[in-house]
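Visitor: Here it is, the structure in full.
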Amino acid sequence: MSIMLNPLPSLNFKGVKKAKIAIIGLGYVGLPLAIEFAKKYYVLGFDINVKRVEELKKGEDGTREANLEDLNRVIKLDDSKETSLRFSSVDSDLKECNVFIITVPTPVNQFKSPDLSPLLHATEMVGKALKRNDIIIYESTVYPGCTEEDCVPVLERVSGLKFNEDFFVGYSPERINPGDKVNTLTTIKKVTSGSTPQIAELIDSLYKSIITAGTHKAPSIKVAEASKAIENAQRDINISFVNELALIFDRMDIDTSDVLEAAGTKWNFLKYKPGLVGGHCIGVDPYYLAHKAESLGYYPQVILSGRSVNDNMGIFVANKVVKLLLKKNNNIADAEVLILGIAFKENCPDTRNTKVVDIYNQFKRLGMDVDVHDPFANIDEVKREYNIDLVNNLGKTYDAIVLAVAHNEYGELDYTKLVKGKNAVIFDTKSFIKRELVDARL
């Protein structure tokens, strides 16, 4: 049966601004997407965070992901009917749109199980706004089957409409790399999919109109979902391997970076580095894949083993620093420590699921006096989420310094002026500081 889409009469979107797109969730993924689509279509940027919406209306972006020049250009006609992009936190505004792209977080709970509550809440809101022939596209990372098995029933229940007759869905996994100003939304190939062949083609054409790197149309929504899950699981497993090597080489008194540099001279050696694996993707997504596998009766040994290694690296770093302090005859209970960086990665303010907190908590358990500094992280968010008061300046000296995040600013510090003397310890988790200055590195 041929499916006719009245609101979107053509697969050629060039010059045809019939699509009215709502982006639900204006974080690292949603905002860049809203800006790019707004250059060609009418876009409503929606978020339940009123403060975030007001910030964006002013042309400001606390995530530092948006190109502010582009942002201000697409919202400059905010009071006009010809507006390319406007922002809202009012549910009823969603009803004016016919394409809904959901980009909300999909975290895990304290038991490392998927927490779909943000996704299902966003789905309910969209369900209330659905009309015949509307399309819902999910970009949030999920396990294979989630879109059709978990989200679609909610859409049907709330809207009273029937899937693949009255409304349609698609899945196009996000590939945003926070802090990366080279590999951005439009320069990264986009995987797309749809609930029918016609819808898959339409969704692919929609993304193709803004993604200069091109698209890859997956044969099904489940395939697209699975592709995202394994992208990050693969990276997680590879990092866990070199993290385990770091644990082994530490016992051998061998520098892991030296070993990797030597091994890297072989043409097909994969150059992964050890480190703290946090954030909302690599440190979370493998649990989604594992959850689905376990629900089908299979225990994923390699995936979960890798997660276990990576989840314990913060404790290893803290304990290693303590051993180095003791070796230099420092009193641990009185030691003053500075942790540089709390974001989950360099040159980025995102602190979600940061493993730097594990280092901090281990030091605190030992009674150490710990300062944390990060020029990117939001002070209020860190306090609210982790109960840590970030220090604004580096005006004192410390018994130990841990370089946890390789922000560019930390390459300009004079570390000799931050330590108390020859008995101080500097530990580098990123092989970022000049080698002659550090006592050890991961």
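Visitor: Go through segment 96-137 and report how many residues are in a loop (DSSP other than H, G, I, E, B), loosely packed, with under 14 Cβ neighbours inside 10 Å and without any contact (Cβ under 8 Å) to a residue 40 or more places away in the chain.
Guide: The total comes to 3.
Visitor: Among the candidates V356, V391, single out the residue that is open to solvent by 10 Å² or more (accessible area, probe 1.4 Å) and modelled with pLDDT of 95 or more.
Guide: None of the others qualify; the one that does is V391.
Visitor: Tell me, which residue of segment 242-257 that is among the aliphatic types (A, V, I, L, M) and open to solvent by 50 Å² or more (accessible area, probe 1.4 Å) is nearest to F316 (Cα to Cα)?
Guide: L247
Visitor: Mind checking which pairs have a first residue in segment 6-34 that is surrounded by fewer than 14 Cβ atoms within 10 Å (Cβ to Cβ) and a second that is in a loop (DSSP other than H, G, I, E, B) and modelled with pLDDT of 50 or more, Cβ under 6 Å, 6 or more apart or different chains?
Guide: Taking only residues 6 or more apart or on different chains, the pairs are N6/N133; K17/Y41.
Visitor: Given the criterion acidic (D, E) and farther than 24 Å from L413 by Cα, identify the matching residue among D255, D334, D350. Outline the logic, then answer.
Guide: Values: D255 fails: farther than 24 Å from L413 by Cα; D350 fails: farther than 24 Å from L413 by Cα.
After applying the criteria, what remains is D334.
Visitor: So which residues in segment 78-90 are outside any strand (DSSP E or B) and either modelled with pLDDT under 90 or open to solvent by less than 70 Å² (accessible area, probe 1.4 Å) (or both), if there are any at all? Spell out the reasoning first.
Guide: Initial filter on segment 78-90 (outside any strand (DSSP E or B)): 78-84, 89-90.
Matches in segment 78-90: D78, D79, S80, K81, E82, T83, S84, S89.
Visitor: While we're here: Can you pull out the residues in segment 205-249 that are free of Cβ contacts under 8 Å to residues at least 60 places away in the same chain, aliphatic (A, V, I, L, M), in contact with a Phe, Trp or Tyr (Cβ under 7 Å, 6 or more places away or on another chain) and over 13 Å from G306 (Cβ atoms)?
Guide: A224
Visitor: Quick check on this structure: which one of D374, D428 is under 22 Å from the mean Cα position of the chain (by Cα) and buried (at least 20 other Cβ atoms within 10 Å of the Cβ)?
Guide: It is D374.
Visitor: Based on what the data block shows, is K323 assigned to a helix (DSSP H, G or I), of a type in the set (K, R), closer than 22 Å to A440 by Cβ and open to solvent by 20 Å² or more (accessible area, probe 1.4 Å)?
Guide: Criteria met by K323.
Visitor: Of all residues in segment 142-174, count the ones that are open to solvent by 10 Å² or more (accessible area, probe 1.4 Å), under 18 Å from K292 (Cα atoms) and in contact with a helix residue (DSSP H, G or I) (Cβ under 8 Å, 6 or more places away or on another chain).
Guide: Adding up the residues that qualify gives 4.
Visitor: Any residue at all in segment 289-299 that's closer than 29 Å to C146 by Cβ, touching a strand residue (DSSP E or B) at 6+ places or on another chain (Cβ under 9 Å) and either touching a residue at least 24 places away in the same chain (Cβ under 8 Å) or assigned to a helix (DSSP H, G or I) (or both)?
Guide: yes
Visitor: Evaluate segment 286-296: report whether one residue or more is of a type in the set (K, R), surrounded by 19 or more Cβ atoms within 10 Å (Cβ to Cβ) and within 19 Å of the chain's Cα centre (by Cα). Before you say what the answer is, go through the steps one by one.
Guide: Residues of segment 286-296 of a type in the set (K, R): 292.
Retained after the next criterion (residues that are surrounded by 19 or more Cβ atoms within 10 Å (Cβ to Cβ)): 292.
Narrowing the set further to residues that are within 19 Å of the chain's Cα centre (by Cα) leaves none.
No, that holds for no residue.
Visitor: Residue under question is N361, and the condition is that it be farther than 12 Å from F427 by Cβ and either at pLDDT below 95 or of a type outside the set (V, I, T) (or both); does it hold? Break it down into steps so the answer makes sense when it comes.
Guide: Numbers: farther than 12 Å from F427 by Cβ: yes; either at pLDDT below 95 or of a type outside the set (V, I, T) (or both): yes.
Judged against the criteria, N361 is a match.
Visitor: Which residues, taken from segment 37-60, are open to solvent by 30 Å² or more (accessible area, probe 1.4 Å), assigned to a helix (DSSP H, G or I) and closer than 17 Å to S84 by Cβ?
Guide: K57
Visitor: Any residue at all in segment 211-221 that is modelled with pLDDT of 95 or more, surrounded by 22 or more Cβ atoms within 10 Å (Cβ to Cβ) and not in a loop (DSSP other than H, G, I, E, B)?
Guide: Yes.
The values are calculated or read from the model by the stated rules, or taken from the named source; none is laboratory data. The shown structure was predicted, so the numbers you read here are calculated from the model rather than taken from an experiment. Every residue, glycine among them, receives a Cβ derived from its backbone with ideal geometry; neighbour counts consider all protein chains shown. These area figures cover heavy atoms from the full protein model, side chains too; ligands, DNA and RNA do not enter into them. Shrake-Rupley method; radii C 1.70, N 1.55, O 1.52, S 1.80 Å.
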